[in-house]
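Participant: I have a structure I would like to understand better, so I am pasting it below and will then ask my questions one at a time.
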Amino acid sequence: MTQGEMTQGANDQRSQLEALYAAMAPQGLQPLWESLHALVLTEPRSPAKPWRWDYAETRSFLMRAGDIISAEQAERRVLIMENPGLAGQAAITPSLYAGLQLILPGEVAPCHRHAQNALRFVMEGSGAFTALDGEKAVMEQFDLVLTPAYQWHDHGNDGDAPMIWLDGLDIPTVRLFDASFAERLGSAAHPETAAPGDTLARYGHNMRPMRGSAADRRPAGRPLFHYPYADWRPALQSLATAGEIDPHFGHALEFTNPADGGPVLSTISAHVRLLPAGFESRTRQATDGTVFVVCEGTGELRLGEETIALKPRDVVVVPSWVPHRFLAATELVLFAYSDKASQVKLDLYREFNH
Ligand code: 1HN
């Protein structure tokens with residue numbers, strides 16, 4: 001065959017294929033061979049981008065929203081932190097959602113429940129509450145509060161200052177599975193079912209009650225829903241004092257479900273890290289794209305050529321498999337959540353520690 005005949009043959013094939021695709025597309029048929037390598041990647045290449053939300057900037061937009069719309073009217077007054085690589089998807093990573101919620105003094109966010117699992121991480125304020133199935137957790141700065149799937153939850157602010165927290169949900173995961181259900185209670189607040197802090201008193205100290213189990217009231221496999229900063233911060237400090245530092249994580253503690261030692265939610269894992277001043281972590285990459293909140297200190301997140309400066313209350317996201325490392329200028333304390341809980345269940349989780 002001459003060069004010309006070969007080109008002619010390729011053109012014939014291309015035009016025959018194009019004709020085939022056009023004819024079969026209306027029947028819901030597509031050629032795998034055109035997209036196989038984009039569907040089955042040799043390693044993760046996330047459409048999500050590494051990104052930082054500056055707290056002061058984000059907060060000023062949120063406060064502006066607070067002047068225009070009430071929490072009650074909005075149902076939840078939240079600015080979605082949407083990853084610029086996932087435009088229109090209300091997602092911070094392909095599987096997770098993040099938002100910043102404002103609740104002003106005297107406001108309520110009405111009671112509802114849904115399939116989505118949620119965590120709240122308090123960014124500022126004091127004394128507002130999340131009520132879970134009618135039991136209040138009174139929230140302070142950097143507390144972690146859970147609202148697991150299908151449990152009734154409402155929020156209120158009985159204090160005298162605005163409260164702002166980060167909402168972390170598995171919205172895109174539930175959407176992937178087409179499994180969303182939601183309902184409103186009808187009244188703004190759930191009737192009180194237990195004194196504020198009851199479950200924390202029973203389950204929050206690595207013990208469980210002999211009698212009067214909150215499991216009579218709370219789901220037996222998921223009793224605890226409040227992890228106060230006042231508890232986790234000293235625990236992290238003790239770890240830092242006691243032990244050798246992990247070269248990739250620094251001093252790190254994962255929040256666990258006391259019923260089984262597993263992750264805090266069925267789809268979401270959460271942990272905290274302490275990086276001493278001057279510490280530079282080694283590079284790691286993992287399939288669980290992770291959202292970080294800077295609780296204390298300053299430093300840098302290095303992702304290849306890119307550097308993201310870190311200061312208190314900034315939110316940053318590291319997508320799946322992006323090699324990254326942290327540098328602590330001053331003692332750096334981070335909160336983090338990811339979909340590791342889902343990925344481990346699905347045998348998908350992988351990590352590479354350099
Ligand atoms: C939700 O229930 C809350 O309870 C916040 O505060 C944000 C975003 C999507 C769906 C449910 C809340 C939410 C949400």
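The values are calculated or read from the model by the stated rules, or taken from the named source; none is laboratory data. Since the structure is predicted, the reported quantities are computational estimates derived from the model, not experimental observations. Glycine also receives a Cβ, built like all others from the backbone with ideal geometry; neighbour counts cover every protein chain displayed.
Participant: Could you identify the single residue in GLU244, GLU306, GLU300 that is over 14 Å from the mean Cα position of the chain (by Cα) and closer than 18 Å to ASN83 by Cβ?
Facilitator: Working: GLU244 fails: closer than 18 Å to ASN83 by Cβ; GLU300 fails: closer than 18 Å to ASN83 by Cβ.
On inspection, the qualifying residue turns out to be GLU306.
Participant: Listed residues ARG120, ARG113; which is basic (Lys, Arg) and under 19 Å from LEU62 (Cβ atoms)?
Facilitator: ARG120
Participant: Another question, then. Considering only region 158-180, state which residues are surrounded by fewer than 18 Cβ atoms within 10 Å (Cβ to Cβ) and either away from the ligand (no atom under 12 Å from the Cβ) or not in a loop (DSSP other than H, G, I, E, B) (or both). Before the answer, list the steps.
Facilitator: To start, the set of residues in region 158-180 that are surrounded by fewer than 18 Cβ atoms within 10 Å (Cβ to Cβ) comprises 158, 160-161, 175-180.
Within region 158-180, ASP158, ASP160, ALA161, ARG175, LEU176, PHE177, ASP178, ALA179 qualify.
Participant: Right, here's the next one. Just to be sure I understand, how many residues within region 312-351 are without any contact (Cβ under 8 Å) to a residue 24 or more places away in the chain and either part of a strand (DSSP E or B) or over 19 Å from the mean Cα position of the chain (by Cα) (or both)?
Facilitator: The qualifying residues number 1.
Participant: Continuing with this model, one more query. Those residues that are assigned to a helix (DSSP H, G or I) and among the charged types (D, E, K, R), I need them from region 31-44; list them, please. Give the steps one after another, and end with the answer.
Facilitator: Quick first cut of region 31-44, residues assigned to a helix (DSSP H, G or I) only: 32-34, 36-39.
Within region 31-44, just GLU34 meets the criteria.
Participant: Still on this structure, please answer the following. Quick one: is ALA188 in a helix (DSSP H, G or I) and more than 19 Å from the chain's Cα centre (by Cα)? Even if it seems obvious, please write down each step before you answer.
Facilitator: Numbers: in a helix (DSSP H, G or I): no; more than 19 Å from the chain's Cα centre (by Cα): yes.
Spelling it out, it is not the case that ALA188 is in a helix (DSSP H, G or I) and more than 19 Å from the chain's Cα centre (by Cα).
Participant: Turning to a different aspect of this structure: I'd like to verify a number: residues in region 115-128 that are assigned to a strand (DSSP E or B) and either within 12 Å of the ligand (Cβ to nearest atom) or crowded, with 21+ Cβ neighbours inside 10 Å (or both), how many?
Facilitator: Kept after step one, since they are assigned to a strand (DSSP E or B), are these residues of region 115-128: 118-124, 126-128.
Remaining after also requiring either within 12 Å of the ligand (Cβ to nearest atom) or crowded, with 21+ Cβ neighbours inside 10 Å (or both): 118-123, 128.
Number satisfying all stated conditions: 7.
Participant: Would you say ARG202 is in a helix (DSSP H, G or I) and either within 13 Å of the ligand (Cβ to nearest atom) or touching a helix residue (DSSP H, G or I) at 6+ places or on another chain (Cβ under 6 Å) (or both)? If you could, list the steps in order and put the result at the bottom.
Facilitator: Numbers: in a helix (DSSP H, G or I): yes; either within 13 Å of the ligand (Cβ to nearest atom) or touching a helix residue (DSSP H, G or I) at 6+ places or on another chain (Cβ under 6 Å) (or both): yes.
Here the answer is yes, as ARG202 does meet what is asked.
Participant: Further question: Is it the case that region 14-30 has a residue that's among the charged types (D, E, K, R) and part of a helix (DSSP H, G or I)?
Facilitator: Taking region 14-30 as the starting set, the residues that turn out to be among the charged types (D, E, K, R) are 14, 18.
From the residues that got through so far, the ones that are part of a helix (DSSP H, G or I) too are 14, 18.
Yes - at least one qualifying residue is present in region 14-30.
Participant: Go through (1) part of a loop (DSSP other than H, G, I, E, B); (2) more than 26 Å from ARG325 (Cβ to Cβ) for ASP231 and report which single condition fails.
Facilitator: Single failed check for ASP231: (1).
Participant: Among residues belonging to region 56-105 that are modelled with pLDDT under 95 and surrounded by fewer than 22 Cβ atoms within 10 Å (Cβ to Cβ), point out the one that is farthest from PHE335 (Cα to Cα).
Facilitator: Narrowing region 56-105 to residues modelled with pLDDT under 95: 70-76.
Then keep just the ones that are surrounded by fewer than 22 Cβ atoms within 10 Å (Cβ to Cβ); that gives 70, 72-76.
Values: SER70: 29, GLU72: 29, GLN73: 31, ALA74: 28, GLU75: 27, ARG76: 23 Å.
Among those that are modelled with pLDDT under 95 and surrounded by fewer than 22 Cβ atoms within 10 Å (Cβ to Cβ), it is GLN73.
Participant: Report whether or not ILE69 is more than 14 Å from the ligand (Cβ to nearest atom) and without any contact (Cβ under 8 Å) to a residue 24 or more places away in the chain. Before the answer, list the steps.
Facilitator: Numbers: more than 14 Å from the ligand (Cβ to nearest atom): yes; without any contact (Cβ under 8 Å) to a residue 24 or more places away in the chain: yes.
In short, yes.
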